[in-house]
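The block underneath contains the structure these notes are about, expressed in structure tokens.
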């Protein structure tokens, strides 16, 4: 008994050890199975342009054999100008796309470091183009997007813009802005006798069309949310007036016919009202007119200069410029008028505030020490940033997606103004080619 | 003279003594761990600042930082043990009913048991092993219930020599359980011993690689839509074992774009050769949160 006791105890200890070892092994196994997944936070990314390949679209029986190349070139140019894409030189392409029904050879495209690939085909039948395209994710090896459109052959540019928008939206997650137009003031002739005409063009500068003949002085054209109507100010005989014009039919209509000078008109987001400022004596105030009832409502009643009103995209608020505090500053008030709240507090004078179609930002012109800058601030006045600065920059207008601002820049001297775009980062600034000098651009919404 | 000499000696002795005490105290006192509550060890890589910068910069040409093996100086030679788990099982065989049976079967409990083993020093374990080798896991696990049935026989067989034999036997077993390399990583020895971590520089290098490849939509209005959670399984060579699995979801176009961009970064980033093969267990399964909100001014 005495003898067996230690034995038993030893044995049991041994057993314990063994059991323990077994248990440890099991625990090891199970803990390995449940092995906490390694967690990693990546909080930094890059903002480099996405390399994209846009080989010529395949053409089938098109009247213009270059149609495929033209379309792909417009797409590549659009994407490049956005600053978010870096189209790859077609000379580097390894695979020649001859059909869009087969999966591309992704390794060929990976080798030239394309992250995305756009293939397409244009087929003409019965006088109409059918345009198909596919967007491929080269590294994941899958199709991201595939669409087809049918249109008349002379509409091929628009199709290219629409495809650009689809690619842009799929890769960046934001709506595109390529299928849109710009109305602006075309300026020609010598400096002292400038002829100013309203002109319309695609956002890439193509298809320029003149809307007025140049007899009257025209200023500040603005698009309606419907993209087929503009409002602008014109000096004909007598006081300047605010007009409406249907850009498809050319039909014109006077908005305001009051004594005094009305100017800086802008549409409400629903296109039903026009807000403008009316100058009487030495001061100017804001008014809004309902386009159907023609009823005009006064929004401000001050002895100062309130002007350049712009609606928030939801139509509930208005930002405008006012010198009620001494210098010109940006203020915000409810769409129905009332107490205004000052937004800008920086040095210098702020003018021409424009609410972003996204609602989050307000673009403005800022004048300090003889320089004009284009900047943005949040809708609450915080986070002011200057995007571009120089001798004379003015008249910001937002792209339909609120990522790009167009403005005009006048270098001074004997030359004239030109249109520029800059994106929200301020890094991607580009000039837009126009037939002549150009100013006062207004960007349309996306076309329907 | 002699006195002076003696003094000098005394000085020398004193100086040496002090120095020794000083050194001893520096080493022993300073090295004494703080009586802090047990916490997991934080693996630290000795990397010079410049090397670290280069690694985190994600440069392909940056020199590989040499990371010393944390705990073990030498790595044990591979024992002739091909399958660790199998060994554990063999050991289990030993434990229970195996060895008792032979004795009681041959002779009654009373007489010899003590002598025999003492004289010849046989290795009962080895015998037992030899007799019935059933290195199957299932069997081994099934065994434990058996021993209680025959509690008596083993008792008389006790002998220190046997214990020794058993202990000797255990050596390779333990080695086997630990694998070929005894322990290449520090473990704090806590119950939840998961202290074995990849070095921070490995993680940083991985993070840097992904940050370099991940294109985020700049100036997006809803940055919270850009947060993407992706789980990846990696092969030991650092390439993806399967398509990255997106864990969270969103409906917006912005989310789709951010998701695809993150997945693209993962595809483009492979092989993730900054991850060391010896830590494969830790990085074979990674959950990555791509969160650009800090980057976006909104």
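Quick notes
- Residue pairs whose Cβ atoms lie under 7 Å apart, separated by 6 or more positions or on different chains, with the first residue in segment A:435-448 and in the same structural domain as residue A:410 (by TED's automatic domain parsing) and closer than 16 Å to residue A:412 by Cα and the second in a loop (DSSP other than H, G, I, E, B) and modelled with pLDDT of 90 or more, are A:437/A:417; A:438/A:417; A:439/A:417.
- Failed item, numbered, when residue A:238 is tested on (1) part of a strand (DSSP E or B); (2) surrounded by fewer than 24 Cβ atoms within 10 Å (Cβ to Cβ); (3) more than 19 Å from the chain's Cα centre (by Cα): (1)
- Each residue in segment A:122-174 was checked for being part of a strand (DSSP E or B) and more than 19 Å from residue B:262 (Cβ to Cβ), and 17 pass.
- Verdict on residue A:7 being at pLDDT 85 or above and either in a helix (DSSP H, G or I) or not assigned by TED's automatic domain parsing to the domain that holds residue A:423 (or both): no
- Identity of the residue in segment A:392-425, under 13 Å from the mean Cα position of the chain (by Cα) and assigned to a loop (DSSP other than H, G, I, E, B), that ends up farthest from residue A:176 (Cα to Cα): A:425
- Filtered residues of segment A:314-336 (kept if more than 17 Å from residue A:283 (Cα to Cα) and surrounded by fewer than 17 Cβ atoms within 10 Å (Cβ to Cβ)): A:314, A:315, A:316, A:334, A:336
- For residue B:264, the conditions (1) without any contact (Cβ under 8 Å) to a residue 40 or more places away in the chain; (2) under 25 Å from residue A:113 (Cα atoms) are fulfilled apart from (1).
- In segment A:123-141, of all residues being buried (at least 16 other Cβ atoms within 10 Å of the Cβ) and within 14 Å of chain B (Cβ to nearest Cβ), the one that is farthest from residue A:113 (Cα to Cα) corresponds to A:135.
- Number of positions in segment B:258-298 that are at the interface with chain A (Cβ under 9 Å from one of its Cβ atoms) and farther than 20 Å from residue A:85 by Cα: 15
- Residue list for segment A:172-202, filter: within 14 Å of chain B (Cβ to nearest Cβ) and touching a helix residue (DSSP H, G or I) at 6+ places or on another chain (Cβ under 6 Å): A:172, A:173, A:175, A:176
- Test for residue A:192: is it exposed (fewer than 15 other Cβ atoms within 10 Å of the Cβ), assigned to a strand (DSSP E or B) and not assigned by TED's automatic domain parsing to the domain that holds residue A:73: no
- Boolean, residue A:262 is modelled with pLDDT under 85, crowded, with 18+ Cβ neighbours inside 10 Å and either under 30 Å from the mean Cα position of the chain (by Cα) or in a loop (DSSP other than H, G, I, E, B) (or both): yes
- Of residues in segment A:39-77 being more than 22 Å from residue A:124 (Cα to Cα) and surrounded by 22 or more Cβ atoms within 10 Å (Cβ to Cβ), the one farthest from the other protein chains (Cβ to nearest Cβ): A:76
- Filter result (facing chain A (nearest Cβ under 7 Å) and modelled with pLDDT of 85 or more) within segment B:204-230: B:206, B:207, B:210, B:211, B:212, B:214
- Subset of segment A:298-314 (residues that are part of a strand (DSSP E or B) and within 26 Å of residue A:398 (Cβ to Cβ)): A:305, A:306, A:307, A:308, A:309, A:310, A:311
- Within segment B:246-254, at least one residue is facing chain A (nearest Cβ under 7 Å) and in a helix (DSSP H, G or I).
The values are calculated or read from the model by the stated rules, or taken from the named source; none is laboratory data. Small disclaimer: the values here were computed from a predicted structure and weren't measured. Here Cβ is always computed from backbone atoms with ideal geometry, including for glycine, and neighbour counts include all displayed protein chains.
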